[in-house]
Amino acid sequence: QVQFVESGGGSVQPGGSLRLSCAASGSIFSLYAMGWYRQAPGKQRELVADITSGGSTDYAESVKGRFTISRDNAKNMVYLQMNALKPEDTAVYYCNRRYSMLRWGQGTQVTVSS
């Protein structure tokens, strides 16, 4: 059973940076496109970045130019480098497949505040 474990969140000031990590179990991780999602209080979960099995990436307009998604298929890991963070980036961040999503992990809290 595939599981996702997110880490790397924290509290930062506006303009700061964080790097999120996602450890995914399962022997066929490399075959799937993966995504980073976030859910702010009172809002629906949204996709912020995704990466194909071959490494092509796409981003939500709100994070384009500030966030970078990457993956290491040998380690079953997905990363999200977040720079120039804004208060509106405050949310719980999750990773999952881009399509045919599986059970959600616990997520990691990101708080951007002065």
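The values are calculated or read from the model by the stated rules, or taken from the named source; none is laboratory data. All values reported here derive from a predicted model rather than from experimental measurement. Glycine gets a Cβ as well: all are built from the backbone with ideal geometry, and neighbour counts include every protein chain shown. Ligands, DNA and RNA are stripped out before the accessible areas are found, and what is left, the full protein with its side chains, is counted by its heavy atoms. Shrake-Rupley method; radii C 1.70, N 1.55, O 1.52, S 1.80 Å.
Just a few scattered comments:
- Members of the stretch 79-114 that are under 14 Å from the mean Cα position of the chain (by Cα) and of a type in the set (G, A, S): A91, G105, G107
- Wholly enclosed strands (runs of 3 or more DSSP E) of the stretch 35-114 bearing at least 2 residues open to solvent by less than 60 Å² (accessible area, probe 1.4 Å): 46-51, 67-72, 77-82, 91-97, 108-112
- From Y99, Y93, Y32, residue being among the aromatic types (F, W, Y) and touching an Asp or Glu at 6+ places or on another chain (Cβ under 8 Å): Y93
- The condition of being open to solvent by less than 40 Å² (accessible area, probe 1.4 Å) and either in contact with a Pro (Cβ under 7 Å, 6 or more places away or on another chain) or of a type in the set (G, A, S) (or both) holds for only one of G15, G8, that being G8.
- Inter-residue pairs, beta-carbon under 6 Å, first farther than 17 Å from G65 by Cβ and at pLDDT below 95 and in the stretch 14-28, second open to solvent by 50 Å² or more (accessible area, probe 1.4 Å) and not basic (K, R), 6+ apart: S25/Q3
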